[in-house]
Amino acid sequence: MKIGFIGIGKITSAVVQGLCTSEAEGLEIFVSPRNKELSLSLAARYANVSRLESNQAVVDRSDIVIIAVRPPVAKEVLGALRFREDQTVVSLVALLPYASLRELTQPAAVACRAIPLPTVVQHNCPIPLYRADERVGRLFGYLGETLPVSDEAGLHALWTLTGLITPYYDLLKRLSEWTIAHGVQPETANAYVANMFQSLSFLAQQSHPIHFGELSRHAATPGGINEQAGAEIAAAGAHEAWAAAADGVLMRFGG
C-alpha cells in the first residue's frame, strides 16, 4: 500500500511514526517537502519513507492520500492538486467539512475524515472515522481503536473534545503544583498525578459498557473524601466550565 502525506506537522509525524513501528507490512510512505527539517528527519529514520519534491508528486505516487495541512490553507492546497479516480483521500483537517473535501478531491473514489491524536505513536489512540472505507479502517486500526461515526455533526462533537487537551494538561499541572506545595518532590508528584489519572481512565476503558456516572458513584463512599471533593467541585461550577469551553470550540465547526 502506498500512503502519501500532504502537510508535515505534529500529527503527520505521529501517524508516520506510528505506522512505521506498527505491525503493518508492505507500506510505502511519501511525505511532502514543506517542512524540510521534519520531512528529511522522517525519511532518514525510516527506510520506507521518502520525501518527494512536491505535493503533486506525493499524490501521483499514492493510493491513499492523507491531508494534514492547517485549516486556513486547506482549500488552497487541495485546489492546486489533481487526484485520480482510483484514489482514497483522508482529511485530518478539523475545519474542512466533508462537502468541501469531496468537491476539492474529485474524481477520487473515496473521501473521508479521521481524527488521530499524537498518541498514535504508541498505537494507543481512539480514532473516529467518517465515511471511511474498509481499507482506511484497516490502516488506522494499526494505530489504535477505530470508531466509525455515522454523521458529521457527531464527528464535530468528538473533534471538539480534542480542543480540551491543553486544559486537561493544565489541570494535571495545577494538581501537581498543589502536591509539590505540600512537600512532595516534583518528580514524585508529576509521576503520581500522570499515572493516577491514566489508571483511572484505564479502569473506565475496561468497563462494558463504559458508565462514568456509575464509576463516580462507586468511588464516592458516603462521608468520604471523594464525596466531599466531588460535591465541592460540582458546586463551584468546574464541570460546567469544561462544557462551556466545548460549546465555544464547537461553534468553530459551525455547530
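Considering only His182, Ile8, Ile115, and ranking their Cα positions along the charge dipole of the chain that arises from unit charges at the beta-carbon of Lys, Arg, Asp and Glu, the one farthest toward the positive end is Ile8. Accessible surface computed residue by residue for segment 1-76, with neighbouring protein chains in place and a 1.4 Å probe, gives 49 Å² per residue. The helix-based estimate of mean residue ellipticity at 222 nm for the chain, built from -39,500 (n - 2.57) per DSSP H run of four or more residues and divided by its residue count, is -15000 deg cm²/dmol to the nearest 500. Considering only Gly144, Gly154, Gly230, the Gaussian network model of the chain with Cα springs below 10 Å gives its largest mean-square fluctuation to Gly230.
Taking a sphere under 12 Å around the Cβ of Tyr130 and counting the other residues whose Cβ falls inside, with K and R at +1 and D and E at -1, yields a net charge of 0. Once both labels are positioned 7 Å from their Cα atoms along Cα-to-Cβ, the gap between Ala241 and Ala80 label points is 4.3 nm. For the chain, the mean projected area of the C-alpha convex hull, equal to one quarter of the hull surface, is 16.1 nm².
Loop-resident trypsin sites (Lys or Arg not before Pro) (DSSP state other than H, G, I, E or B) in segment 81-116 with no more than 11 further Cβ atoms inside 10 Å of their Cβ: Arg82.
Taking the alpha carbon gyration tensor of segment 1-104, multiplying each eigenvalue by 5 and rooting it gives semi-axes of 21, 15, 13 Å, largest first. Considering every alpha-carbon pair of segment 78-184, the percent of pairs per 10 Å bin, from zero through the bin containing the longest distance, is 13, 36, 28, 12, 7, 3, 0. Sparse packing (at most 14 other Cβ atoms within 10 Å of the Cβ) combined with a DSSP loop state is found for the following GluC sites (Glu not before Pro) in segment 73-153: Glu85. Close amide H contacts of Arg51 (hydrogens built in the peptide plane, cut-off under 5 Å, sequence separation of 5 or more or a different chain): Val31. Surface composition of the chain: carbon and sulfur atoms hold 56% of the protein heavy-atom accessible area at a 1.4 Å probe. Distance from the alpha carbon centroid of segment 76-140 to that of segment 222-236 works out to 43 angstrom.
What's the magnitude of the charge dipole for the chain around its Cα centre, counting Lys and Arg as +1 and Asp and Glu as -1 at the beta-carbon? Answer in Debye, nearest 20. Don't skip to the end; give the middle numbers.
Working: 20 positive and 24 negative charges, 139 e Å.
About 660 debye.
The values are calculated or read from the model by the stated rules, or taken from the named source; none is laboratory data. Model, not experiment: these values are computed from the prediction. Neighbour counts are summed over all protein chains in view; Cβ atoms, including those assigned to glycine, are modelled from backbone coordinates with ideal geometry. The protein model used for the area step is the full one, side chains on, heavy atoms only, and it has no ligands, DNA or RNA in it. Shrake-Rupley method; radii C 1.70, N 1.55, O 1.52, S 1.80 Å.
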